[in-house]
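Structure, as structure tokens:
Each reported figure results from applying straightforward, stated rules to the coordinates on display, with no laboratory input. The shown structure was predicted, so the numbers you read here are calculated from the model rather than taken from an experiment. Heads up, the Cβs are rebuilt from the backbone with ideal geometry, glycines too, and the neighbour counts pull from every protein chain shown.
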Amino acid sequence: MAAKLLVAKFQYLGIVTVPPALLIFVLQYCGEDRWVKGRCLRWLFVIPALTLMLVWTNAFHGLIWKNVVLNVDGPSPIAVYHYAFFFWVWVAFSYGLLLIASLVLVRAWRASGRFYRIQVDMMLVGIAAPWVSNAVYLSRIGPYPLIDTTPVAFAVTGIFLGIGMFWGRILDVVPVAHETVLKNMADAIVVLDRHHRIAYLNPAARHLLGLIDAHIIGWTASEAFKSVPDLISYAHETVLIKTETSFISEGTQRHFDLHVLPIRDARKRPVGRLMTLHDVTKRKSTVEALRKSEYLYRTLTETIPLCIFRTDRQGRLTFANQTAFDLFGLKQEAVEEEINLFSLIVPEDQDRARANFKRRFEGEAVGEMEYTVVKKDGVGVPVSLYADVVMENEEPVGFQGILMDQSERKRAEEEKKKIEAQLLHAQKMEAIGSLAAGVAHDFNNLLMSIQGHTSLFGLDGNEPASFSEHLKGIEACVGRGANLTKQLLGFARGGKCEVKPWNINHILLESSRLFGRTRKEISIQTKLEKSPWTVELDRGQLEQAFLNLFVNAWHAMPSGGKLFLETENVWLKETPAGQRRSANGRYVKITVKDTGIGMTKEVQSRIFDPFFTTREFGNGTGMGLASAYGILRNHGGHIEVESAPSQGASFMLYLPASEREAVQEGKMFREIRPGKGTILIADDERMVAEVARDMLKAIGYHVLTAESGQEAIDVYRENKNIIDLVVLDMIMPGMGGRETYDELKVINPDIRVLLSSGYGLDGEAESILERGCQGFIQKPFNISELSRQTKALLSRGSGN
């Protein structure tokens with residue numbers, strides 16, 4: 001009995017091991033091995049280990065069997081066990097494991113193709129044998145109820161598993177798991193036999209070929225692939241094929257990688273073909289999108305007018321676009337030659353650039369940076385640069401950024417500054433001009449009074465000789481004062497008293513001869529246009545402008561030199577902003593060039609400012625060039641200057657040409673012409689009105705006066721039948737000269753008016769003359785000029 005118990009205990013080593021081992025084998029075979037890993041695997045052996053321990057210690061607790069009786073009724077003694085509680089726990093556990101294994105196999109059997117069902121059948125028989133045998137023994141229903149045939153059943157299990165392994169080749173490809181893999185593959189799998197018939201195809205192939213519901217096993221390739229002719233030709237190939245193909249599937253054009261592999265048996269004989277179709281539509285779409293993206297990137301980087309670059313940590317170029325190569329005059333090999341970005345920056349900017357890049361490398365925000373870079377030909381180019389750090393694997397590896405040529409912007413900024421400076425200069429000149437005009441007006445009124453009284457003194461003819469000399473001196477001073485106010489008016493408003501069409505050569509030659517007679521150390525050379533276009537101008541004002549330029553040249557040549565005078569007909573066309581100030585059209589150009597000391601840019605920017613002079617205090621008024629500037633501007637022209645230190649100076653005067661024929665200068669009227677009649681003087685300056693009254697009375701006229709426009713209208717309305725002429729001041733407070741003239745014309749459309757002004761013949765005076773005013777006289781005027789003008793107007797009769 002003791003020997004039988006010992007053997008039984010050793011049997012339990014296999015009894016407790018086989019059920020979990022069979023379950024593990026089945027689960028792995030069927031691809032469900034996720035349940036036999038880690039914690040699940042450890043819990044699977046808890047009951048078997050506990051059962052084995054209780055078997056070997058049963059003598060102490062009796063949990064496996066209560067007692068064992070030796071039955072000697074048969075041909076040999078048999079140990080009969082009376083099992084206790086835990087034995088039935090073990091039985092339930094082991095039967096549960098075998099049941100689970102069987103269910104897994106049944107499911108695999110149902111899911112497997114006909115190629116693999118033999119292997120599954122063998123495994124089911126092998127597992128069921130010990131289960132059935134043990135159940136028969138425990139229920140005592142067999143022919144030999146006391147004999148346990150379970151060990152024999154385990155032998156049957158081994159036989160069937162062995163047959164499956166070596167004949168059914170269970171373990172060669174793990175068929176059931178392989179079938180599951182094939183069914184769940186996204187790639188289409190088609191197996192053809194040697195006669196090109198369909199032996200197998202997975203669900204992906206059915207969907208792809210539109211054969212979901214068809215029973216196509218056994219169909220020929222021509223029948224199955226009639227919608228895809230290319231597959232028919234590939235199905236008949238007997239060699240390995242790797243190619244790409246495309247066809248419409250489920251209404252969409254799709255692309256595939258096609259592999260056709262010959263299938264051979266153990267004797268290397270061809271028994272069929274395996275066709276696999278891997279959908280690469282997304283991959284090709286991605287590749288196409290990448291190609292387009294790369295093309296777009298390449299197009300942008302190569303055509304954008306920005307330099308795009310990338311460097312390593314040391315600043316060596318690792319990439320640059322074509323714009324960058326063009327800017328620096330480099331070739332593509334520059335990247336291979338590892339040219340350093342900092343070497344392309346001018347030396348004086350390199351330290352600042354390296355410092356800025358270092359700050360950016362350390363994470364500090366730097367923003368846009370401006371440097372000067374050097375092209376291959378050595379020309380410096382101003383650029384703006386923005387760079388950022390390139391990160392790879394969260395590590396800084398270099399810089400990338402953009403660089404923009406700022407040459408055009410800099411030029412535009414310089415041009416803008418130049419235009420702004422000219423605008424400010426024009427505004428300043430306008431303001432100063434207004435001030436100068438006011439000063440000239442008031443000063444002319446003062447000179448008018450002095451001139452008038454001097455003329456009246458000279459009428460007697462009985463004054464002592466010493467008085468006569470003093471009167472001539474006073475008249476000379478008044479003349480100089482009048483010339484000064486003419487210069488002021490020439491600057492402010494042009495002072496155009498008598499505008500006529502002139503030949504510019506005659507005026508230039510006469511002015512240069514007058515100047516040359518007193519400046520023998522200056523050699524004057526002329527080059528004149530043979531047939532210059534006519535220019536409409538105030539000759540006296542232009543002569544003044546010429547003399548001012550000549551004097552300026554003389555001051556620049558204290559030791560003597562040459563003065564070149566040139567005239568030519570020119571057409572002015574569009575030029576860059578700021579180059580000139582006159583409209584397009586025909587002009588006469590007068591060039592006054594000296595060989596003097598020249599001027600700096602700073603001096604040139606101020607030479608036309610009133611009262612600006614480079615001469616010592618007391619040796620110049622600073623009004624000469626300012627006056628010339630104003631005269632040219634108010635004649636519709638402009639003046640330009642070119643000069644450099646020690647290179648002399650050239651002044652270019654542009655005057656608009658006229659279609660009118662040039663006139664010849666007539667005789668000057670100096671005699672006093674007496675007359676008769678009544679004249680109304682309208683002037684707000686009492687001393688001017690009084691001296692004009694006295695001068696007119698002295699030459700035979702009856703005179704009425706008015707100190708405002710309204711008073712002049714009232715006086716004329718009351719005396720219109722006896723007033724022959726009105727001497728009307730252009731500028732008066734309240735109602736000015738133009739409004740007064742209009743009211744007088746309403747009273748008498750044939751009224752005769754002589755306009756008087758301390759200003760020149762500017763826009764306001766011209767406007768009044770265009771309305772019908774018969775004449776203009778510039779203050780200060782003497783008795784001779786006044787007598788000539790009044791006599792001339794009264795001699796015309798009434799009307800215009």
Ascending count of other beta-carbon atoms within 10 Å, so fewest first, for Leu769, Leu653: Leu769, Leu653
Interchain or long-range residues, amide H under 5 Å from Asp609's placed H: none
Euclidean distance of C-alpha centroids, the stretch 282-330 and the stretch 737-777, integer Å: 75 Å
Shape category assigned to the stretch 719-800 from the gyration tensor of Cα positions, a/c cut at 1.5: oblate
Cα-centred dipole magnitude for the stretch 185-285, charges only on beta-carbon of K, R (+1) and D, E (-1), debye, nearest 20: 380 debye
FRET E, pair Arg313, Ala365, Förster distance 22 Å, beta-carbon r, rounded to 0.05: 0.70
Simple Cβ-charge dipole of the stretch 304-405, Lys/Arg +1 and Asp/Glu -1, about Cα centre, in debye nearest 20: 140 debye
For Thr51, Thr301, Thr526, Thr740, order by how many other beta-carbon atoms lie within 10 Å, fewest first: Thr526, Thr301, Thr51, Thr740
Positive-end extreme of charge dipole, the stretch 304-405 - chosen from Val390, Leu344, Thr311 (charges on Cβ): Leu344
Beta bridges by DSSP in the stretch 687-779, antiparallel share as percent, to the nearest 5: 0 percent
Greater than 27 Å apart at Cα, pairs in Lys242/Lys268; Lys410/Lys589; Lys183/Lys284: Lys410/Lys589
